[in-house]
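Remarks on the structure that follows.
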Amino acid sequence: MSRISSSMKLTAAFVSLLLIAGGIFLLTRRAEAADKEAISQLEKMSHSEKIQVRKNMEYFQSLSSGEQTALRTMHEEIQGSAALRKTYRIYCDWLKTLTAWQRQELASVENVQERMALVNRFLEENREQEKQKTLFDQLRKEEETNQQEAAARLEQSPNQIANILEPVRQKLAEEPGIEDSLKSLDQQGQNTRVLLLALQREFRKTDPQEPLPEVFLTKELVDEMMRRIPGERGRWWSENFPSPDRKFGMIYYLQQQLEKYYAEYVHKGEDPPLQVLEEVFYKLDEEVQSQISPTSQSNDRIKRLLKKYWLNPDLGEIERILSSQRKREFRN
């Protein structure tokens, strides 16, 4: 304990002798049967405290007459000095911070110099422990703060993503029935559906003989979406992401944010068992089943995809469309 200064350590060494013999004077006064206060204090003690006092008395009686006199004199000096009483209280408080084996080791040392060396060693060990505890407490608080901030960001995610997707939603609203189909969904559900609808129009299949369909996610639309990404990340994307790749970058950014929301906020800590994933699979139509479970795909890949269907069916469709598009581009 840092409260023990170097000028007080010698006093502390003698005080420790008094602690070892604590309760001796109560027993002595009781033996004289003349001090009602001493008797009252002893009667208030617990059984274990009375046993300790008796052990202290036995230790005191084992001392020589001169040692007993010195101990009594020290007791009187402490009682008569405010400074020594303060040192005594500090030392008592410090002893409580030690482990049982540390107190036992301290009590077993009779030489004053060895006792003070031991006190210094324990003080240094306590300082290191306090530093470690302070560091661990700081790290724990930082982790709690990070978790709280992450949870707050995820809670705000639906509105932020809705703002990013607003230009896409306005374009989709030109088609009849789109807005009505979104009304039954919550905000993040609407966001996921809007992204899915945009991808279906962007990557829709056409007959090879027909002209290529008009691009749905135009450069102007993607630039406007990117401009709406909040904070430092949005500025970084706008300033550093290559223009030709912005469309896919924007799509994968939104996909990542949506998956994170469902996995870490809505279904935080949940991992569906295989039986649940099988139920998800059998709810899909046959065409989708055939597309996501060819023999060329690994079981882990299928499980990851089915988990996205479990988080939100539209997430699974988004992943399937993007996977098909990647394969199509690879073949071309």
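The table that follows gives values for the structure above.
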read-out	value
Proximal charge balance of Gln289 [Cβ under 12 Å; K/R count +1, D/E count -1]	-2
Derived scalar couplings ³J(HN,Hα) [region 164-176; Karplus, 6.51 cos²θ - 1.76 cosθ + 1.60; whole Hz; x for Gly, Pro]	5, 7, 4, x, 5, 5, 5, 5, 5, 5, 5, 8, x
Dipole of region 241-332, positive end: most advanced residue of Gly269, Ile292, Pro244 [Cβ charges, Cα centre]	Pro244
Packing-based exposure ordering (other Cβ within 10 Å, fewest first) of Trp101, Trp310	Trp101, Trp310
For region 276-287, 3J(HN,Hα) per residue [Karplus equation, 6.51 cos²θ - 1.76 cosθ + 1.60, θ = phi - 60°, Hz, x = Gly/Pro]	5, 5, 5, 5, 4, 4, 6, 7, 6, 6, 4, 4
Under-5 Å amide H pairs with Phe203, H placed in peptide plane, nonlocal only	none
P(r) of region 217-332 over all Cα-Cα pairs, binned every 5 Å from zero, in whole percent	2, 10, 18, 19, 17, 15, 11, 8, 2, 0
Distance (nanometres) between label positions extended 7 Å along Cα→Cβ at Ala100 and Thr69	3.9
Lys, Arg +1 and Asp, Glu -1 on Cβ, resulting dipole of region 107-150 about Cα centre, debye, nearest 20	160
Exposure proxy order (Cβ contacts within 10 Å, fewest to most) of Thr73, Thr87	Thr73, Thr87
Options Asn159, Val109, Pro176, ranked by Cα towards positive dipole end of region 61-198, top entry (Cβ charges)	Val109
Rounded if a/c under 1.5, otherwise prolate or oblate - region 41-128, Cα gyration tensor axes	rounded
Per-residue HN-Hα couplings for region 245-254 [Karplus 6.51, -1.76, 1.60; θ = phi - 60°; Hz; x = Gly/Pro]	9, 4, 4, 5, x, 5, 4, 5, 4, 5
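Quick note: the coordinates plus some simple rules give every number you see, no bench work behind them. These numbers come from a predicted model, not from an experiment. Quick reminder, even Gly has a Cβ in these numbers, built from the backbone with ideal geometry, and neighbours come from all protein chains shown.
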